[in-house]
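The structure under discussion appears below in the form of structure tokens.
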Amino acid sequence: MKKLLLLSALLSFGISKIATAQDVLPYDTGTKKIIYSEVVMVPNANKDKLFDRAAKALHEMYQQADSKFAVKDKAAGKIVFNGFVRIIYKEKDGTNFPDPSLVKYRLTLLFKDGKYKYEITDFIVDHAGVPFHVERWQQHNVPGDKTYDKTDRVPEKLQFIHDDIAKVLARLKKSMEADVVEEKKDW
């Protein structure tokens, strides 16, 4: 009986690890794509002001940002921006070196009075002109899968992408925050 309980516990732990090891990046099971998405409320900010803040933030975050805008339509309240991540490996000796591939993605921003929505989708690895979807890495990032070996560093790549996107979103959200309204003092 103890062996059966131990085996059951080990199997459930193993299954839970398989389920979580794969999901480093948020995955939409309906579209079968990686997607970061959120509606963010910004009180007292109109659509145009939010648009201007986002455009300014993207210019501050990316060199040559103007060449990365696929859509920049203030009247419609929409920005589509082609961003990228350059994966940097950290070696055991502490040195860093860049992966030769770029991970490209699409950032879509939609604006309405008092709120905006962001979606980051279409993660594609461009390795020497041969593109493939990052979802492939995530699907094979499970124990026992032999598609990639340790030298491919897939878990490290996925974590780096996630961390980089988290930084981009943090900077974007910070730049989109509502204006501080000072109370007018009567005296």
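Throughout, read-outs are computed from the coordinates displayed, never taken from laboratory work. Computed from a predicted structure; not experimentally measured. When we count neighbours, we look across all protein chains shown, and the Cβ atoms used for this are built from the backbone with ideal geometry, even at glycine.
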Q. Cα to Cα, under 16 Å, and not fewer than 8 places away if on the same chain: which aspartates and glutamates meet these conditions relative to residue 174?
A. 38, 52, 60, 164
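Could you calculate the contour length gain from residue 86 to residue 60, that is, 0.36 nm times the residue separation minus the distance between their Cα atoms, to one decimal place in nm? Show your work: numbers first, answer last.
Numbers: separation 26, 0.36 × 26 = 9.36 nm, distance 1.74 nm.
Using 0.36 nm per residue and subtracting the Cα-Cα distance, I get 7.6 nm.
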Q. How do 41, 176, 61 line up, fewest other C-beta atoms within 10 Å first?
A. 41, 61, 176
Q) In sequence order, what are the phi-derived ³J(HN,Hα) couplings for the range 50-65 according to the Karplus relation 6.51 cos²θ - 1.76 cosθ + 1.60 with θ = phi - 60°, rounded to whole Hz, with x for glycine and proline? A) 5, 4, 4, 4, 5, 4, 5, 4, 5, 5, 6, 7, 10, 6, 6, 4
Q: Would you mind classifying the range 26-176 by shape? Square roots of the alpha carbon gyration tensor eigenvalues, ordered a ≥ b ≥ c; an a/c under 1.5 is rounded, otherwise it is prolate if a/b is larger than b/c and oblate if not.
A: prolate
Q: Quote to one decimal, in nm, the extra length available between residue 171 and residue 126 on full extension: 0.36 nm per residue of separation minus the C-alpha distance between them.
A: 13.7 nm
